[in-house]
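One structure below.
The values are calculated or read from the model by the stated rules, or taken from the named source; none is laboratory data. Note that the coordinates shown come from a computational prediction; the quantities given were computed from them, not determined experimentally. Quick reminder, even Gly has a Cβ in these numbers, built from the backbone with ideal geometry, and neighbours come from all protein chains shown.
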Amino acid sequence: MIGWVLRRTAAAVALVVLGTIVLVVLVHLLPGDPLTAIIGDRAIDPAARDALAARWGIGRPLPTVVADFLRNALHGDLGTSLAEQRPVATILRERLGPTILLGGTTLLVNFTVGLFLGTWSALHPESRRARAIGAISLATYTIPAFVIGLGLVWLGAIALPWFPAGGASDPLLDPEAGLVAVLLDRAHHLALPLLTMVLATIAVPIRQQRSAALETAHAAWVVAARARGVAPRRVAWQHVWRPALSPVITLLGLWLPMLVSGAVFVEAVFAWPGIGSLLATATAQRDIPLVIGTGVVVILLVQVGSLLADILQRLLDPVQRTA
Amino acid sequence: MTRARPLGIALALVVVMLAVLGPLLTADPLTATVDGLVLQGPTARHWLGTDQFGRDVLARLAHGARLSLGIAGLAIGIALVIGSFLGLLAGGRDGLGARLCSRAIDLALSLPRVVVLLVLVAATGTLGPLALAAVLGLTGWPAIARLTRGEAERLRHAPYVLAARTLGASPRRQLLAHVLPGTLPAALIAATLGVADVLLLEAGLSYLGIGVQPPTPTWGNMILEAQGHLATAPRLLLIPALALVTATAAATLLGDALRARLSPHRR
């Protein structure tokens, strides 16, 4: 088990490093260099231009640029943002919290509500309610996340003005306010983005859990449990649900990129101060160091998530645990 | 799934008709209408009303359809060619080249598409429709390559390929004439389903203001422009959103129908 974890971790590290290299190489191979992006149409002193060129590694051989970027990144230095003139790493640290809050709560709801609805619809496959669950989750899955977000802004902030339309906290909140007031404010701001993310992604866990549970519902041990008179509820949640969980956890690794791509658009709709909206604004401003830095962090998050999912799945599966 | 195919075809026809015929029948999408009324509800003259500049919404929707579908089609074509080629190289033979190809596909699969897309856009600047299609295609091939690789690995030991080899077919001929056709159904299914992703990404990029630039209409930047008028004219959001969902649903249903049709052994 330990050997396997080490090998799997090494593979994840390799993917992060290679992914970083791909991003840096792509930026430098494409037409339109970062310098043009910084300078724009402004007239500039040739000496200043050369200084900038030296700073951004323009005209240097690509391998040197890549090696320097990797070496600096290892020391936590991802460069300096062009638009904000601050270290990329500092900006990212400020943005990480809100993204983890939104992504984490989305995962939590997907894992509880989504898996419950999936198992429930597998146990009552013919019922009208199960069909409604399938149809509604598929419909919200087809609608792009940012459109769901805008729809919810209209519904929850304009037609029924109960929730704030954007931001993660109220800037006018009394700084002396107690913990309860702060938490309520955060929850109030989280409600619409969270609902958007959940509606946009929950179809995946529901459908996966449903098909996994449908398969185990006819397994020999389920029939045996039923035959010896185990209560239906116990059969459902002990004999069907647990074995059906394993493939769903495997696929957890695949949901993470989806959470990221959803987050880019959803955070942009709600001006949520996270990594996703940062990536969107940095791209619009052509702030290339910030875009690359954010990209590297996203790749890292995705790999860490999929590594954890793989380990969790091994731990939960008795056959693989001993292997 | 028996009802999925007619529904998918019907939805696809509606969207394609809108894209092909709509622009011929409607007004100029870039200029204000003759009567010049802004944010006007649906009337006999303007079936879907007018937007904040007094432009006909139906005209913008139809021209947007042409652009959005054109970009999606081109992007998927690019993804299909690259994905099939690399998948065939990775799965169709042994050796160092094939293994490297295979690792490259795995690496590309591990990179979140939206991140790569935004890095490409940031590096090249604001993209025209053609460049946007190219970028969407260049980030769309890994899923197709993975499927093609799997099919090629399965097929290259199939009896009919063995027979071709016995008859003296060159390795290249075995791959191109015998393995490639067998991998195409899976690739086509993935491509059809991929149209939905490309439509959503293109709309998303335009919504972020980094796709096709206004005043040229696409469904995505219509949604972006509607955002400022959500309180007074939610219709401006609803109409392009509905078009987008219709198109993606059509692509998904057609992909599912194609899968049922082309690969009965997987059902």
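Structure values in brief
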{"quantity": "Test: B:VAL116 is within 8 Å of chain A (Cβ to nearest Cβ), within 20 Å of the chain's Cα centre (by Cα) and crowded, with 19+ Cβ neighbours inside 10 Å", "calculated": "yes"}
{"quantity": "Qualifying position, being closer than 30 Å to B:HIS229 by Cβ and among the polar types (S, T, N, Q), among B:SER84, B:SER68", "calculated": "B:SER68"}
{"quantity": "Residues being surrounded by fewer than 16 Cβ atoms within 10 Å (Cβ to Cβ) and either at the interface with chain A (Cβ under 10 Å from one of its Cβ atoms) or at pLDDT 90 or above (or both) - total across region B:228-245", "calculated": "3"}
{"quantity": "Test: residue in region A:166-179 that is more than 29 Å from A:ARG8 (Cβ to Cβ), within 14 Å of another protein chain (Cβ to nearest Cβ) and modelled with pLDDT of 85 or more", "calculated": "no"}
{"quantity": "Residue among B:GLY211, B:GLY128, B:GLY194 that is within 14 Å of another protein chain (Cβ to nearest Cβ), among the small types (Gly, Ala, Ser) and crowded, with 24+ Cβ neighbours inside 10 Å", "calculated": "B:GLY211"}
{"quantity": "B:ALA203 being touching a residue at least 60 places away in the same chain (Cβ under 8 Å) and closer than 29 Å to A:GLN285 by Cβ", "calculated": "yes"}
{"quantity": "Candidates A:ALA244, A:ALA263, A:ALA280, filtered to the one that is touching a residue at least 40 places away in the same chain (Cβ under 8 Å) and within 14 Å of chain B (Cβ to nearest Cβ)", "calculated": "A:ALA263"}
